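Every number here is computed from the coordinates shown, using simple stated rules; none is lab data. Treat the numbers as computed from the prediction; the structure is a model and nothing was measured. For neighbour counting, all protein chains shown are included, and Cβ atoms are generated from backbone atoms with ideal geometry for every residue, glycine included.
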Amino acid sequence: MADPEHYPDELWGIEDPRITYVPEMEQYAIVYTAYASGGPGVALALTKDFRSFERYGVIMQPEDKDAALLPHRINGRWALIHRPVTASNAHIWISYSSDLRNWGGHKKILEARLGGWWDANKIGLSPPPIETSEGWLVIYHGLKRSDEWIFGPEDEYELHGDVDKVVFPCGYTLAPDGDTIRIYYGAADSSIAMATGSVQAMLASLSKQE
């Protein structure tokens, strides 16, 4: 739950948690959006049991959201994927930290396209990145249409709700076979749903586009 008494940046609530288990710490890292009058910012909390939490507060100032922590260090530093907004565009960035509090080395890793594409102008991370034998598989969302995407609103509960025509994945689990993926997502900002897919099928689809 939001704790605006101790964390004013959560005054208007919290949303969109991306949860990553971090073996080094033997804890789960929850990266979420904290809302207040200044806009959405990226906040971090750690937990072992989802009953008590160590809050780090806002680690990326507004306007920034759609963030997740990678499960292990990269070249000795923690890595955070996030989506700051600049002017009329929003791209996906990666930043690095040695202590999870102070972040630098900011680098843009995926740009929103221009034109009438489904991922034009504004994109953002969906569930946390999936580590595969071929690298990190990143599933992201966009705001415009095109001729192809892998997952979009189709059913009644996805088409009509508080915000119509929205599917918004924030989490996933992998089955013991290492391939079957269960995506957990918000449907029309009114309910939570689950869909299944194949990691190998997604990787194969990407290979065809190379």
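The lysines within cross-link reach of LYS165, meaning a Cα-to-Cα straight distance under 24 Å and a gap of 8 or more places when in the same chain, are LYS65, LYS122, LYS144.
When the helices of the chain are scored as -39500 (n - 2.57) per DSSP H run of n ≥ 4 and the total is divided over every residue, the value at 222 nm lands at -2000 deg cm²/dmol. Packing order of peptides 98-110, 125-137, highest average first: 125-137, 98-110 (average count of other Cβ atoms within 10 Å over each peptide's residues). Using only Cα atoms, locate the centre of the stretch 14-43 and the centre of the stretch 89-141, then give the distance between them in Å, rounded to an integer. Between the Cα centres of the stretch 14-43 and the stretch 89-141 lies a distance of 15 Å.
So what is the diffusion coefficient of the chain in µm² per second by Stokes-Einstein at 25 °C and 0.890 mPa s, using a Kirkwood Rh over Cα pairs?
So the translational diffusion coefficient is about 137 µm²/s.
Enclosing the Cα atoms of the stretch 150-210 in their convex hull gives a volume equal to 84 cubic angstrom per residue. Residues THR86, THR20, ranked from the fewest to the most other C-beta atoms within 10 Å, line up as THR86, THR20.
Counting Lys and Arg as +1 and Asp and Glu as -1 over every other residue whose Cβ lies under 14 Å from the Cβ of TYR140, the net charge comes to +3.
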